[in-house]
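This report refers to the structure that appears directly beneath it.
Here, each number is a calculation from the coordinates, and none is a lab measurement. Please read all numbers here as calculations on a predicted model, not as lab measurements. FYI the Cβ positions are ideal-geometry reconstructions off the backbone, even for glycines, and counts take in every protein chain you see.
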Amino acid sequence: MTLPTDIQNALEALQRKVAGQLQSRDEELATLHEERDKIYQQALDLSRQLEDLLRARDVMESELISARLEAKQAQEKLALITDEPAYIASLRQSLEREVELSTRLTSENVDLKLALEIARASNIVVPAPEPEPEKRPAEVDDGRAVIDPYVLAYHDQVTDLPNFRSGLNKLQYELEKAERGESTVAVVVMDIEGLRDLNVYLGHAVTDEVLQRFARLTRPLLGPEDKLFRGRDDEFWLVLPTEARGPLGMKKSAEHASELLKRLYAELQIPIELEDYRVTLSLASGLACSQGRETAQEVLEKALLAVKNAKRLGRGRASAYLLELEKPIRAKMELIPQLRQALNRGQFELRFQPIYDLTARTVKAVESLLRWEHPLNGLIEPSVFLEAACDSGLIVLIGEWVAYNVCHLCKSYKNLHWALNVSAQELIQADFLDRLQKAVESAQLTRSDGLILEVSESHLLHDSEQLAAALKGIGRCKAALAIDDFSFDHLSMKRLQTLGAGYVKLGGHITQNVDEPVFRSLIRGAVLAANQMKIKVVAEGIENQNQLDALIELGVHWGQGYHLCAPVTLEELDEKLKGKAWI
């Protein structure tokens, strides 16, 4: 049926009108969306500007505190030095006692060392020539050695090498030459890996012998201008000048250092024969080259960054400094004021992951996991910010907050064990046990087995009196010790006997390889040893049913992982605990 022409025209006109109105509405909506996006972007920009302002304020506050602290220290030092009679009399008395107890100092040297100590307390730089390694103490009529105080300050008595102070002087001298266009200098920092373990379990005498052997092994490999120094801790430093400038000088310096390290690593393949032991040394090395536009400390920091990178690559590796190695450092420094803000504004939260008795199939414990609720980036895991928190010392305050909350949860949930992670940075604090005890007392916690402190095994390698005292005192604070990321070497098993641990936790990399015969044997052996010592074995990172079945078969006591339950909020945990069995 055909509509009359006038009606058809009217319908078409109406359609065009409606289409026009719809198009107009669409355009209006698009404009509104654009305006909304602009407003949202402006809000984000304002939020970032506010964060930047707050960050700048925190930095300024931190710098102000540091400046006040430095001023206070300077005043104290000034007061100390100006109080001449009391200060010098006390210092002279201590030096004279040293004369009586040791042959390192004679009464003839007291006045000179006294002057050096006063200069050091006053922050006066006392120039010192580089000591000669061949220099030996003379003898006086009574047979006692007379040692130049400069040698004591600039010489390492164990290895018979110039020490790190001499190394800094030598490096600065070579850098000044390089800046004048006379040379290029390479610095190699070498870290003997595993030396702390030798020190703990075999004693200082063995460690000293290893250091001496390493020095004797390295010396013949050096060129006429190369210098070897005993650095700080387990480090040795090489200062390698090259008479070339520009890109060619940098290339030659790097090649010379690489060739020397290649020969040294080849020598280290042969075990060192000691009286009762055979020791194979592993070396992490970092290389940095300079043409003199930096201080000695700046060049050393670059070499240390390269050492850190070498350790990330694995044992017995070497690495050269690259600019990109500084990116994590910059990122970490940017995180520190943000972490301080997060702590002040209550942005840290806890998540909880149940730990199951694999035989009874019930929840026995809960691990408390730290999270940062960032206002822009959402929930952030500790792997992103933990290193910055440790390096800045903020981990101590954060750990105190975690301990307080977990202790109160332990009091409220009397049928569960509650675990929290503790870093080495916290453990070595002199007041760690006092702060833990305060958290326990604030919750009126009376159970002796309810609280579990998890400490990574790698953190237990630190050889310090504070760490040993903290580990011994954990039991007195109504807490048990769990060794996290447990390995299976001889030293690890020995730690179980000496530390009094109640739990060992197998890392996810072990759990996820449970199907391999070697790992099955290791787990079975660990369970048998733990049963003898009445220790619980806990498997982390259970991700599927096959892993769970294998761990149950091997007799592992407890387990946790995403296959059983992911980390949840406290409210979600309450809901899940109602089921009691597998979640």
Pop a pseudo-label 7 angstrom from the Cα along the beta-carbon direction at both L313 and Q269 and give the gap in nm to one decimal. 1.8
Can you give the charge dipole size of segment 158-321 about its Cα centre, rounded to the nearest 20 debye, using +1 on the beta carbon of Lys and Arg and -1 on the beta carbon of Asp and Glu? 480
Find which of I192, H204, A320 sits farthest along the positive direction of the dipole of segment 158-321, computed with +1 on the beta-carbon of Lys and Arg, -1 on that of Asp and Glu, about the Cα centre. A320
Output wanted: per-residue J couplings in Hz (rounded whole) for segment 153-161, from phi through Karplus 6.51 cos²θ - 1.76 cosθ + 1.60, θ = phi - 60°, x for Gly and Pro. 7, 10, 9, 8, 6, 6, 9, 6, 10
Using θ = phi - 60° and the Karplus relation 6.51 cos²θ - 1.76 cosθ + 1.60, list the HN-Hα couplings for segment 316-323 in order, rounded to whole Hz, with x at every Gly or Pro. x, 10, 10, 8, 9, 5, 10, 4
Rank the residues T218, T359, T242 as a footprinting-exposure proxy: fewest other Cβ atoms within 10 Å of their Cβ go first. T359, T218, T242
Report ³J(HN,Hα) in whole Hz for each residue of segment 367-378, in order, from the Karplus equation J = 6.51 cos²θ - 1.76 cosθ + 1.60 where θ = phi - 60°; Gly and Pro get x. 8, 8, 10, 6, 9, 10, 8, 6, x, 10, 9, x
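What FRET efficiency comes out for L222 versus D391 if R0 is 35 angstrom and r is the Cβ-Cβ distance? Round to the nearest 0.05.
Working: r = 34 Å, r/R0 = 0.98.
So the FRET efficiency works out to roughly 0.55.
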Treating only the Cβ atoms of Lys and Arg (+1) and Asp and Glu (-1) as charged, compute the dipole magnitude of segment 341-459 about its Cα centre; round to the nearest 20 debye. 540
Amide H of E225 versus every other amide H placed in the peptide plane: which residues, excluding those fewer than 5 positions away on the same chain, fall under 5 Å? none
Please work out the Cα center distance from segment 181-235 to segment 509-570, rounded to the nearest Å. 40
Treat the count of other C-beta atoms within 10 Å as a stand-in for reagent exposure and order C407, C477 from fewest to most. C477, C407
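How would you order 373-379, 341-347, 294-300 from highest to lowest mean count of nearby Cβ atoms within 10 Å?
Working: 373-379: 10.9, 341-347: 14.3, 294-300: 17.3.
Ranked from most to least packed, the peptides come out as 294-300, 341-347, 373-379.
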Taking the Cα centroid of segment 20-39 and of segment 406-452, what is the distance between the two, rounded to the nearest whole Å? 58
Amide H neighbours of W418 at under 5 Å, excluding residues fewer than 5 places away on the same chain, with H built from the backbone geometry, are V366, L451, I452
